[in-house]
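Here is the structure we will look at.
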């Protein structure tokens, strides 16, 4: 069994645009994968442990499962681990750190959603929550669309806006401004990413502030339930993730992101529609990323010998 650590994954220097290509590929594999809904358990408060299994299509011979957790007060708040198996033999091939994979695949999916569902023209992008997921999202956008300029509004929180700007100082295709309230971000943006890991109340209860033609991408789903009732089209990475939402039966239109990529349903149909994309995250992305990283890591990753019974009867 290989042990593939966070540092090892970072040393592979996987490009953000490659992450966008991998999530696009994984969505196109969705119909051929076995992908049960994640299991979410809550030890206390808003903390959670999510278990996310996926069997890739047969040609990959890969099964994987990710356990991801959010624990208030932990540093960082989110963490996770991935087990990758040979589906033909049952052999455990690798245990991978899940932090990099979770963050980059989440940012890549958010970036892909923006590319699929934003309206045409010069746009302003807004970010609420400026942690690793927000950084990954903007990295994927800037790297995969280097010829496009991005004007970005940031919600001020402690010193995170300044740190965020410093992180992207070397990019010449982005400019920033800082807002003091979520309403300031929403009201002035055409695409809004909410990367908060938790939101107890609506982030922008004034429906009049949502621009005509806007796209809202609430990465961790909370804070924009008012949009469920009046937005024209709502998308998600998986129906099972949203069918339990309070207002699901009142969505004006619903489709999965994979169906838009395959051309079986329409995405945006006009520049005046208001769209919302719930990209909660699929074990499919995690396992495909883990498979590709396992192949890239090769012999460099340390090997741990595991001892299992070899006899049929061992009790």
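The values are calculated or read from the model by the stated rules, or taken from the named source; none is laboratory data. Keep in mind that what you see is a predicted model, and the values were worked out from it rather than measured. Glycine also receives a Cβ, built like all others from the backbone with ideal geometry; neighbour counts cover every protein chain displayed.
The set of residues in the stretch 55-78 that are under 16 Å from residue 220 (Cα atoms) and at pLDDT 85 or above comprises 68, 69, 70, 71, 72. Take the conditions (1) in a loop (DSSP other than H, G, I, E, B); (2) modelled with pLDDT of 95 or more; residue 96 misses just one of them, which is (1). Here is the figure for the stretch 18-67: residues that are under 17 Å from residue 109 (Cα atoms) and free of Cβ contacts under 8 Å to residues at least 40 places away in the same chain total 2.
Listed here are the residues, each with its yes/no results for (1) in the same structural domain as residue 31 (by TED's automatic domain parsing); (2) farther than 20 Å from residue 203 by Cβ; (3) in contact with a helix residue (DSSP H, G or I) (Cβ under 9 Å, 6 or more places away or on another chain); (4) touching a residue at least 12 places away in the same chain (Cβ under 8 Å).
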| site | (1), (2), (3), (4) |
| --- | --- |
| 218 | no, no, yes, yes |
| 222 | no, no, no, yes |
| 249 | no, yes, no, no |
| 253 | no, yes, no, yes |
| 256 | no, yes, yes, yes |
| 310 | no, yes, no, no |
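Screening the stretch 156-268 for helices (runs of 4 or more DSSP H) wholly inside it with 1 or more residues that are farther than 19 Å from residue 116 by Cβ returns the ranges 160-167, 182-187, 239-242. Just one of the listed residues (82, 14) is in contact with a strand residue (DSSP E or B) (Cβ under 8 Å, 6 or more places away or on another chain), at pLDDT 95 or above and under 18 Å from residue 291 (Cβ atoms), and it is 82. Scan the stretch 87-113 for residues that are under 17 Å from the mean Cα position of the chain (by Cα) and surrounded by fewer than 23 Cβ atoms within 10 Å (Cβ to Cβ) and jot them down. Residues satisfying the conditions are 97, 99, 103.
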